[in-house]
Amino acid sequence: MKNLKFINFNYKKKTTETVYLLGSRVTSTFGRTLISCLFILLFFYTAPIVINFLDEDVFTGEFKNESRKIMVYKLDGKNIDENKKNNEELEVFNEKDLLSDILTLNDLDNDSVRLSASTIKQLFEDTKYSLADVRKNKLVKPVALTWLPYEIKEIENTKKRKELFLQIVLPLVLEENNKIKIDRIKLFSIINKSNNSEVEKKWLNKKYKQYGVSSKDLSTLKIRMDEIPTSLALAQAAKETGWGTSRFALEGNALFGQWTWSGEGLKPKEADISEGHKVMKFNILQASVRAYQRNLNTHKSYKKFRKARAELRAQGKKLDSMILSAYLDKYAETGTKYVEILQKIIEQNNLEDFDDAKLLPSSKKLESLI
């Protein structure tokens with residue numbers, strides 16, 4: 001019995017010691033595991049913050065441009081593979097070069113005043129400028145107004161409001177397309193020559209900068225330097241401004257809702273303060289149209305748009321706004337719905353009637369009326 005009790009005692013003692021040791025080990029292991037878990041959680045929580053901080057625009061001194069946010073382009077500062085310089089459509093260029101002609105146009109001093117809606121209507125009547133006549137004869141009077149009339153938002157008749165808006169914007173779109181058309185003719189003339197003069201080379205370098213072709217690739221320049229279908233431009237202007245009634249259009253000549261972080265602009269009332277963007281403000285309507293065309297012709301978001309346009313050119317087909325509008329889903333956050341709205345505007349208002357319209361030469365008599 002004594003031996004048995006002794007054995008039992010030692011068994012209890014050893015068992016107690018074993019439990020104690022196991023408890024210590026468990027406690028120690030649990031502590032290490034807990035610390036490891038906390039460290040892992042801390043790492044995954046802080047890593048994105050650190051990465052974002054290092055990637056912040058303030059760190060590089062550059063700005064982001066999301067699709068229609070035209071006036072500022074982000075230069076990523078990455079090293080360019082020398083082997084790819086001549087083969088890829090690069091998105092690295094100087095903002096001032098890209099927008100120089102737009103900024104120059106925007107800074108032009110002009111003594112024009114904002115005409116009232118009634119005065120503009122009378123002007124159109126005096127010059128016999130009507131959309132019905134344009135649809136029939138395909139000729140547009142070169143009436144270049146610098147501002148939309150404030151009274152346009154007070155025109156209750158939808159048809160009349162739309163007609164006035166189109167009459168104002170149509171000549172501006174045709175004017176910019178004419179400039180691009182002239183440049184394309186000169187470009188093809190240079191391409192077809194075996195040797196180019198110094199004047200031609202200087203012109204090419206200017207256009208490379210203007211269209212953001214840092215690789216100086218002629219094929220890329222040819223794709224970028226092209227017109228925007230008139231009906232498509234009119235539809236986007238109508239959508240972005242509510243047919244000329246938006247605050248941005250009336251106060252800042254912003255026909256296409258383009259954003260800026262560094263230029264002069266109008267702050268959206270509903271915008272998040274953290275966004276920091278403004279809607280770009282223009283001194284004249286013409287500058288807004290040119291900026292819009294430059295946006296579609298240079299920004300990476302519209303590369304597929306430009307490719308589709310080039311394919312239509314290669315096939316000898318017209319620049320179909322219904323086809324090309326499908327590639328503007330990145331212009332607005334609504335994506336494909338935005339495209340659907342544009343196509344409805346084009347169809348319901350027969351805007352394709354204006355695609356083959358021509359802008360008449362200006363005259364001194366017309367200029368005196370304006």
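The values are calculated or read from the model by the stated rules, or taken from the named source; none is laboratory data. This one's a predicted model, so the numbers in the text were calculated from it and none came from an experiment. Accessible surface is based on the protein model in full, side chains and every heavy atom, while ligands, DNA and RNA are left aside. Shrake-Rupley method; radii C 1.70, N 1.55, O 1.52, S 1.80 Å.
Assorted remarks:
- Probe 1.4 Å - accessible area at Lys160, Å² to nearest ten: 120 Å²
- Annotation: Val113 carries an accessible surface of approximately 100 Å², with a 1.4 Å probe and no ligand, DNA or RNA atoms counted.
- Taking the alpha carbon gyration tensor of the stretch 113-240, multiplying each eigenvalue by 5 and rooting it gives semi-axes of 38, 15, 13 Å, largest first.
- Extension gain (nm, one decimal) between Lys160 and Asn350, 0.36 nm per residue minus Cα-Cα: 66.9 nm
- Calculated SAXS-style log₁₀ I(q)/I(0) at q = 0.23 Å⁻¹ - the stretch 200-251, Debye, Cα scatterers: -0.77
- Kirkwood-type radius of the stretch 296-338, with distances r between different C-alpha atoms, in Å: 10.8 Å
- All Cα pairs of the stretch 165-265, percent lying beyond 18 Å: 59 percent
- Residue pairs exceeding 19 angstrom between C-alpha atoms, taken from Lys222/Lys300; Lys216/Lys300; Lys121/Lys160; Lys222/Lys337; Lys162/Lys239: Lys222/Lys337.
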